[in-house]
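Chemist: Pasting in a structure now, in structure tokens, and then I'll have a few things to ask.
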Amino acid sequence: MNELRNLLIGPDLKDQFENTKLRSEDVSRVLPQAIQLTLETGDKTVSKAVVPTVEQAIKSSVNTDQNILSEALFPIMGPAIRKAIAVAIQNLTDSLNQGLEHSLSPQSLGWRFEAWRTGKSFAEVLLLRTLVYQVEQVFLIHKNSGLVLQHLAAPTAAAQDADLVSAMFTAIQDFVRDSFSVSDDTLGSLQVGELTIWVNEGPQAIIACVIRGNPPGKLRQTMENALERIHLVQESQLHEFQGDSSAFEPSQPYLEECLQSQYQTKQKKSSPLKWIGGAAGILILGLGAWGMWSNHERNQVRSFVDQLNQESGIVVMQTAKKDGKYVISGLKDPLASEPTDLISTTELDPDKIDFHWEPYLSFDTAFVKSRVKSLLQPPETVALDVDANGAVEATGTAPQAWITQANQLAVRLPNVTRFNTQEVIPVEAGVLTSIKTKIEAQTLLFTQNAQLVPKQDAKLKILVAEIKKLTKTAKTINQTVAVLVEGHTDTSGSELINLYVRETRAKAIISLLSKQGIEKSQLQAVSIEPPEVANSESAKISKSNRKVTFKVIFVNPSDAD
């Protein structure tokens with residue numbers, strides 16, 4: 001075989017067949033011509049073979065760098081998007097213009113009366129009176145089997161069963177062919193009451209449009225274009241159709257182009273009712289403006305109510321409008337801000353707002369503190385602090401009478417859970433210290449014979465007044481006090497005689513004080529021995545030590561100095 005091969009093709013050609021580079025170059029020279037020839041002959045085998053490769057190449061390009069494909073499509077997608085937006089805006093504008101025109105014109109009033117008389121909706125009457133034409137349904141039917149491939153219906157159309165309609169249409173078409181000996185021609189149109197059916201036939205499929213009104217001739221061209229594109233894009237699906245219509249969903253965009261409609265844009269000259277319609281339009285506009293203002297006013301009232309609910313001590317329970325005024329009712333603490341003062345911060349008219357408040361006590365900390373101060377009337381030397389749990393702490397100095405009364409009254413207030421006055425120092429404690437100092441500073445002198453030295457009545461009077469003040473002040477703070485009356489003597493004489501003299505002097509003063517109204521139970525006689533001194537100082541001390549002094553003691557020393 002090798003010898004035969006060498007004889008037939010020669011060694012040079014053999015090397016060329018075995019060289020892959022040379023073979024690739026040969027194929028590249030003839031490949032474009034082969035593809036061009038395939039397209040001219042209509043053979044789609046090459047196209048089908050290339051599609052997976054092209055798809056894979058595009059996918060690989062996107063995964064590698066998305067910008068390459070986006071930059072390539074940008075010149076196409078940009079204008080398409082802008083055109084779609086422009087069309088959508090134009091359709092919206094036309095719809096608004098048409099809606100206003102049909103709502104305010106005298107003719108629309110007549111249509112509303114017709115809708116009321118016939119029992120139809122205004123939209124149905126409007127469509128019937130202003131419709132030029134509308135494609136209500138579009139059918140894509142397989143030519144050989146007569147089965148429905150796709151079916152679209154307008155939103156306002158009452159669609160029937162698509163398979164049933166297709167079967168009826170196929171039966172009518174077969175009847176026409178059999179009755180009139182027509183073999184190849186297709187039924188082009190069919191009139192059924194107010195509906196017209198237009199039919200366009202292709203090699204593998206048929207488009208049928210159900211139309212209400214008088215369609216223009218350009219609709220035929222739209223149907224023809226849609227049918228051609230469907231045959232081009234889904235030719236293989238049409239040839240291989242076995243009853244599964246889901247494969248033809250990509251054809252819906254082409255069918256949607258056939259769902260066209262057109263309405264009257266110009267109205268006939270109006271009758272004298274035009275003026276009535278104009279007046280009605282003005283009235284409607286006025287009502288609309290009034291409605292907008294009312295809505296604005298309601299929004300302001302709602303905002304004001306929210307502001308009131310944020311205020312401490314105010315709870316809005318209901319808001320209603322009565323006799324042209326807004327009535328706001330709820331609960332209000334007497335200490336809360338006045339709502340009438342808050343209106344000035346809004347655009348509302350105070351004359352259009354009425355308030356109906358029921359009194360209540362708010363547990364707001366500031367309000368509780370204010371009520372405590374108002375009830376207890378604390379002196380300026382007392383500070384009050386209220387926590388979130390209603391506990392009141394008092395600090396400072398105050399009369400004992402106020403402390404006692406405050407402890408009794410404070411717990412009666414709502415939300416006062418505890419009233420603490422342990423940090424409040426009674427002012428009487430300071431007074432007791434001052435009185436104690438004055439009493440202990442008093443000294444009554446005696447002669448050697450244990451008689452009171454004359455001209456000491458003023459001292460005795462001061463002493464009586466201070467002891468009475470001491471007793472009264474001590475009672476206000478539940479403090480028990482006693483006054484020690486201390487008798488003194490000089491160093492002359494025996495100790496036994498001096499002890500008798502000291503006690504005699506102390507008892508003599510107690511007797512004088514009791515005669516001035518001081519209870520003896522508060523007074524106690526005490527003998528104080530003279531200090532030991534040198535002989536040179538004995539004479540001086542002997543005279544100055546013939547006296548009675550005083551000392552104040554408290555039963556509970558921790559409560560006073």
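The values are calculated or read from the model by the stated rules, or taken from the named source; none is laboratory data. Bear in mind the structure is a predicted one, so any value in this text is a computation, not a measurement. So basically every Cβ, Gly included, is an ideal-geometry build from the backbone, and we count neighbours across all protein chains shown. Note: areas computed on protein heavy atoms with side chains; ligands, DNA, RNA excluded. Shrake-Rupley method; radii C 1.70, N 1.55, O 1.52, S 1.80 Å.
Chemist: Counting only residues that are open to solvent by less than 50 Å² (accessible area, probe 1.4 Å) and in a helix (DSSP H, G or I), which one in region 539-560 is modelled with the lowest pLDDT?
Modeler: Ranking the qualifying residues of region 539-560, first place goes to Ile541.
Conditions tested, residue by residue: (1) among the hydroxyl-bearing types (Ser, Thr, Tyr); (2) modelled with pLDDT of 85 or more.
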{"position": "Lys325", "(1), (2)": "no, no"}
{"position": "Ile328", "(1), (2)": "no, yes"}
{"position": "Lys332", "(1), (2)": "no, yes"}
{"position": "Leu335", "(1), (2)": "no, yes"}
{"position": "Thr346", "(1), (2)": "yes, no"}
{"position": "Pro350", "(1), (2)": "no, no"}
{"position": "Phe355", "(1), (2)": "no, yes"}
{"position": "Ala366", "(1), (2)": "no, yes"}
{"position": "Ser370", "(1), (2)": "yes, yes"}
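Chemist: Still on this structure, I have one more. I'm checking my understanding of the structure. Among residues of region 128-168 that are more than 24 Å from Arg112 (Cα to Cα), polar (S, T, N, Q) and not in a strand (DSSP E or B), which one is least open to solvent (accessible area, probe 1.4 Å)?
Modeler: Once the filter is applied, the top-ranked residue is Ser166.
Chemist: Tell me the residue from Leu445, Leu409 that is touching a residue at least 12 places away in the same chain (Cβ under 8 Å), part of a strand (DSSP E or B), of a type outside the set (Phe, Trp, Tyr) and surrounded by 13 or more Cβ atoms within 10 Å (Cβ to Cβ), please.
Modeler: Every option except Leu445 fails the conditions.
Chemist: Among residues belonging to region 321-331 that are open to solvent by less than 40 Å² (accessible area, probe 1.4 Å) and not aromatic (Phe, Trp, Tyr), point out the one that is farthest from Pro359 (Cα to Cα).
Modeler: Val327
Chemist: Still on this structure: Please determine, by comparing only the residues of region 476-498 that are touching a strand residue (DSSP E or B) at 6+ places or on another chain (Cβ under 6 Å) and hydrophobic (A, V, I, L, M, F, W, C), which one is surrounded by the fewest Cβ atoms within 10 Å (Cβ to Cβ).
Modeler: Checking each candidate, the answer is Ala482.
Chemist: Here's something else I'd like to know. Just the residues that are open to solvent by 60 Å² or more (accessible area, probe 1.4 Å) and not β-branched (Val, Ile, Thr), please, taken from region 332-353.
Modeler: Passing the criteria: Pro334, Leu335, Glu338, Asp341, Ser344, Glu347, Asp349, Pro350, Asp351, Lys352.
Chemist: Can you name every one of the strands (runs of 3 or more DSSP E) wholly within region 178-263 that holds 1 or more residues which are closer than 16 Å to His151 by Cα?
Modeler: Details: elements: 189-192, 195-201, 205-213, 261-263.
So the answer is 195-201, 205-213.
Chemist: Continuing with the same structure: For region 224-255, give me each residue that is touching a helix residue (DSSP H, G or I) at 6+ places or on another chain (Cβ under 9 Å) and small (Gly, Ala, Ser).
Modeler: Within region 224-255, Ala226, Ser236, Ala247, Ser251 qualify.
Chemist: If you scan region 28-62, which residues turn out to be modelled with pLDDT of 80 or more, of a type in the set (S, T, N, Q) and either exposed (fewer than 10 other Cβ atoms within 10 Å of the Cβ) or farther than 22 Å from Ser236 by Cβ (or both)?
Modeler: Thr53, Ser60
Chemist: I'm checking my understanding of the structure. Among residues of region 415-441 that are in contact with a helix residue (DSSP H, G or I) (Cβ under 8 Å, 6 or more places away or on another chain) and in a loop (DSSP other than H, G, I, E, B), which one is surrounded by the fewest Cβ atoms within 10 Å (Cβ to Cβ)?
Modeler: Asn415
Chemist: Working carefully through the options Arg212, Arg220, Arg177, find the one that is surrounded by 20 or more Cβ atoms within 10 Å (Cβ to Cβ) and of a type in the set (Lys, Arg).
Modeler: It is Arg212.
Chemist: Hey, any hits in region 118-136 for a residue that's modelled with pLDDT of 75 or more, touching a Leu at 6+ places or on another chain (Cβ under 7 Å) and within 24 Å of Gly202 (Cβ to Cβ)?
Modeler: Checked region 118-136: at least one residue is modelled with pLDDT of 75 or more, touching a Leu at 6+ places or on another chain (Cβ under 7 Å) and within 24 Å of Gly202 (Cβ to Cβ).
Chemist: Give just the number: which of (1) under 30 Å from Thr397 (Cβ atoms); (2) open to solvent by less than 70 Å² (accessible area, probe 1.4 Å); (3) out of contact with any Lys or Arg (no Cβ under 7 Å at 6 or more places or on another chain) does Ile462 not satisfy?
Modeler: Looking at each condition in turn, Ile462 falls short on (2).
Chemist: Please enumerate the residues belonging to region 470-519 that are farther than 27 Å from Val427 by Cα and of a type in the set (D, E, K, R).
Modeler: Scanning region 470-519 gives Glu486, Asp490, Glu495, Arg502, Glu503, Arg505, Lys507, Lys515.
Chemist: Counting only residues that are in a helix (DSSP H, G or I) and not hydroxyl-bearing (Ser, Thr, Tyr), how many does region 448-473 have?
Modeler: The total comes to 15.
Chemist: Could you list, in sequence order, all residues of region 428-473 that are in contact with a Ser or Thr (Cβ under 7 Å, 6 or more places away or on another chain) and not acidic (Asp, Glu)?
Modeler: Val431, Leu432, Ile435, Thr443, Ala450, Val453 - these are the residues of region 428-473 that are in contact with a Ser or Thr (Cβ under 7 Å, 6 or more places away or on another chain) and not acidic (Asp, Glu).
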